[in-house]
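For reference, the structure discussed in these notes is given below.
The values are calculated or read from the model by the stated rules, or taken from the named source; none is laboratory data. Note that this is a predicted model, so its numbers are computed, not measured. Note that we place each Cβ from the backbone using ideal geometry, even for glycine, and neighbour counts take in every protein chain shown. Accessible surface is based on the protein model in full, side chains and every heavy atom, while ligands, DNA and RNA are left aside. Shrake-Rupley method; radii C 1.70, N 1.55, O 1.52, S 1.80 Å.
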Amino acid sequence: MSLNSFYWVSAHVSDKGMVRSINEDACLDRADLGIWVVADGMGGHAAGDMASEMIVNELKSITPGDSLGALASDVEQRLQYVNRQLLLESQRRGGEIIGSTVVTLLTYQGYCIYQWAGDSRIYLYRRERLKQLSRDHSQVEELIEQGIVSSDEAEQSPIANYITRAVGASEELELDAEIFEPCDGDLFLLCSDGLNKEVNDAEIARILGSHGFQEAVQQLIDLAMERGARDNVTLVLVEVRSTQSSAPE
């Protein structure tokens, strides 16, 4: 398949949920630019909503460069800039951490890259199977990797919400990133942890596999709400389509 034979369709939803008084999540949904972002302001800290909005506002002014690497580098430099600004704002406010998780999906000429810091996730749904592409930067995830606790035990852990990386949390932001070659029909789901706290991976897979694109977005947010939506809930769903099999809507 040629490099230019894909187009991308996306949709998003963000809600403060059933418990929180404000929405500290933010997202960017720009299929025209090939840029999608979810940011989750750190709950319990000062101005988490400001932190997530700063990330989105900084990234939405990007213009795609001449390569995937150039685009990814631009995003990382802008996130480093936001990181420095949040550290300065924290100092002005007396030192309390102001931060946000971030997960991005970027595409250029038939390839894509995803980057993340924190526990906001990106999933791939391909051929009726769901795979979490990102790995949570959290204390619980480290315990799981060491075999100290199981995944089920981790969900009930008192440190379940403790993340080890975030924009604004340390002097130098450390992002993980992976390059990926998409296929026709792939679905990418970017979400804040408010979704996966309420809806497990098997349920996400079932919804993505049994509903149309727009309906799947609504079904996911509706199920999170039915479960009590203890946190803000944000998701961006991105589909890869081949120009050889169908025309853009």
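When only alpha carbons of the range 163-245 are considered, Rg and Dmax amount to 15.5, 47 Å. Here the convex hull built on the C-alpha positions of the range 98-243 has a volume of 127 cubic angstrom per residue. Ordering GLY69, ALA11, TYR125 by the projection of their Cα atoms onto the charge dipole of the range 1-151, which places +1 on the Cβ of Lys and Arg and -1 on the Cβ of Asp and Glu, puts TYR125 at the extreme positive end. Across the chain, Cα pairs under 8 Å and at least six residues apart give a relative contact order of 28 percent.
Most tightly packed first, judged by the mean number of other beta-carbon atoms within 10 Å of their residues, the peptides 114-124, 166-176 read 114-124, 166-176.
Assuming charge only on the beta carbon of Lys and Arg (+1) and of Asp and Glu (-1), the dipole of the chain about its Cα centre is about 300 debye to the nearest 20. In the context of the full set of protein chains, residues of the chain present 47 Å² of accessible surface per residue (probe radius 1.4 Å, heavy atoms only).
Ligands, DNA and RNA left out, the accessible area of the range 59-204 computed with a 1.4 Å probe is 43% carbon and sulfur. What's the whole-number percent of alpha carbon pairs in the range 24-157 lying beyond 18 angstrom? Beyond 18 Å sits 60 percent of the P(r) for the range 24-157. Remark on the chain: ratio of C-alpha radius of gyration to 2.2 N^0.38 Å is 0.98. Annotation: Cα Rg of the range 38-90 relative to the compact-globule expectation 2.2 N^0.38 Å equals 1.24. Dividing the summed helix terms, -39500 (n - 2.57) for each DSSP H run of n ≥ 4, by the number of residues in the chain produces a 222 nm estimate of -9500 deg cm²/dmol to the nearest 500. For the range 97-103, putting each phi into the Karplus relation 6.51 cos²θ - 1.76 cosθ + 1.60 with θ = phi - 60° gives couplings of 5, 10, x, 7, 6, 8, 9 Hz, in residue order, rounded to whole numbers and with x for Gly and Pro.
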